[in-house]
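The values are calculated or read from the model by the stated rules, or taken from the named source; none is laboratory data. On a predicted model such as this, the values are computed, not experimentally measured, just so you know. So basically every Cβ, Gly included, is an ideal-geometry build from the backbone, and we count neighbours across all protein chains shown. Heads up: the accessible areas ignore ligands, DNA and RNA and are worked out on the full protein's heavy atoms, side chains in. Shrake-Rupley method; radii C 1.70, N 1.55, O 1.52, S 1.80 Å.
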Amino acid sequence: MSDSSAAPVVLDVWCELQCTDCRTALSDLRALRARFGDRLEFRLRHFPLEKHKHAFAAAQAAEEALAQGRGWEYVEAVLTRVEELDREGEPFLVRVARELGLDAEEFDTALIDGRHILIVDADQAEGKAIGVSGTPTYVIGGERLDGGRSQEGLRERVEEITGRLLAG
């Protein structure tokens with residue numbers, strides 16, 4: 001049995017908040033979280049796609065949610081309502097923050113002043129450098145798993161790699 005105090009396995013989740021495939025992937029992420037708990041750390045990585053006009057703003061808003069301590073909750077709230085983001089853009093992002101009890105005025109300001117742009121740009125550049133071409137894409141244990149075309153079997157593959165890495 002592995003040492004429960006060992007560092008968790010890190011799963012980089014290259015995601016885009018206007019992507020319906022990323023919304024579909026939420027069920028896999030929830031299942032992974034339920035199975036591995038704190039032994040698997042999810043790290044949100046941004047890969048806004050040019051075809052989605054609100055994706056870059058949504059990535060910045062997700063970073064503001066992370067700064068306010070509720071990043072994944074915000075990500076899930078936006079992804080489950082992609083169609084509203086499509087229609088409404090930035091006002092929707094601020095409204096979701098308000099609905100979650102976050103500082104919505106700070107979201108609005110962050111979207112204007114661009115304080116999170118460098119994080120989003122760096123994620124996107126790193127993603128391109130390692131061959132990310134669509135979302136969702138996962139990187140775990142040095143292995144890139146592309147879910148942009150099909151997510152079939154991805155959760156099982158992440159479970160297998162996580163189990164192997166946790167076993168040492």
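When Glu83, Glu126, Glu143, Glu99 are screened for being under 22 Å from Thr24 (Cα atoms) and open to solvent by 70 Å² or more (accessible area, probe 1.4 Å), only Glu83 passes.
Among the residues making up region 73-93, those that are among the β-branched types (Val, Ile, Thr) and assigned to a helix (DSSP H, G or I) are Val75, Val78, Val82. Of the residues in region 96-105, not one is closer than 27 Å to Gly153 by Cα and either of a type outside the set (A, V, I, L, M, F, W, C) or part of a helix (DSSP H, G or I) (or both).
With respect to the conditions (1) among the polar types (S, T, N, Q); (2) under 13 Å from Leu44 (Cα atoms); (3) exposed (fewer than 14 other Cβ atoms within 10 Å of the Cβ), Gln60 lacks only one, and its number is (3). Among the residues of region 130-147, none qualifies, meaning not one is in contact with a Leu (Cβ under 9 Å, 6 or more places away or on another chain), at pLDDT 95 or above, in a helix (DSSP H, G or I) and not acidic (Asp, Glu). Pairs meeting the criteria (first residue in region 130-158 and in contact (Cβ under 8 Å) with a residue 24 or more places away in the chain, second residue in a loop (DSSP other than H, G, I, E, B) and aromatic (Phe, Trp, Tyr), beta carbons under 6 Å, at least 6 apart or on different chains) are Val132/Phe47; Thr135/Phe47.
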